[in-house]
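Single-structure report; data block below.
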């Protein structure tokens, strides 16, 4: 009989190192997820409002109310109505055919001690045009 003497497997130190690496990746993922989740919720709310055909004829106040209603459904609680009016920009397109809605802000979240994670958000949409993926 010829038995192999070498055995396959992971040493205890290799297991500990891999657990530490996976733990660090998991912590970073848990810290980043809320920031990206908020970004996707804001994207969805803006796209729903911009995709409505009547949105191109609405006033800024009406658009803000519509977006804030979408934020309520999506549970985005970053702004009050007064704050959001200041952040949301509505501009007329050249040649007077339509409007654009744009939003720029920073999403900040704590990472570790005095270190923060920052996600810059910029989105601009043409009102009244359905958004295609």
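The values are calculated or read from the model by the stated rules, or taken from the named source; none is laboratory data. All figures in this text were calculated on a predicted structure; none of them were measured in a lab. Here the Cβ is made from the backbone with ideal geometry for all residues, glycine too, and neighbour counts use every protein chain on show.
Computed quantities for the displayed model
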quantity: Tally, over region 48-66, of residues that are surrounded by 17 or more Cβ atoms within 10 Å (Cβ to Cβ) and in contact with a strand residue (DSSP E or B) (Cβ under 7 Å, 6 or more places away or on another chain); calculated: 4
quantity: Out of 27, 87, sole residue that is in contact with a strand residue (DSSP E or B) (Cβ under 9 Å, 6 or more places away or on another chain), under 22 Å from residue 109 (Cβ atoms) and exposed (fewer than 13 other Cβ atoms within 10 Å of the Cβ); calculated: 27
quantity: Residue within region 51-65 that is modelled with pLDDT of 95 or more and assigned to a helix (DSSP H, G or I) present; calculated: no
quantity: Qualifying residue in region 120-132 (condition: touching a helix residue (DSSP H, G or I) at 6+ places or on another chain (Cβ under 6 Å), buried (at least 16 other Cβ atoms within 10 Å of the Cβ), modelled with pLDDT of 90 or more and assigned to a helix (DSSP H, G or I)); calculated: no
quantity: All positions within region 75-107 that are within 17 Å of the chain's Cα centre (by Cα) and not in a strand (DSSP E or B); calculated: 75, 76, 77, 78, 79, 84, 87
quantity: Among (1) more than 15 Å from the chain's Cα centre (by Cα); (2) over 30 Å from residue 129 (Cβ atoms); (3) not in a strand (DSSP E or B) - the single one residue 110 does not satisfy; calculated: (3)
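Yes or no, residue by residue, for (1) modelled with pLDDT of 90 or more; (2) surrounded by 10 or more Cβ atoms within 10 Å (Cβ to Cβ):
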{"position": "10", "(1), (2)": "no, yes"}
{"position": "40", "(1), (2)": "yes, yes"}
{"position": "79", "(1), (2)": "no, yes"}
{"position": "94", "(1), (2)": "no, no"}
{"position": "102", "(1), (2)": "yes, yes"}
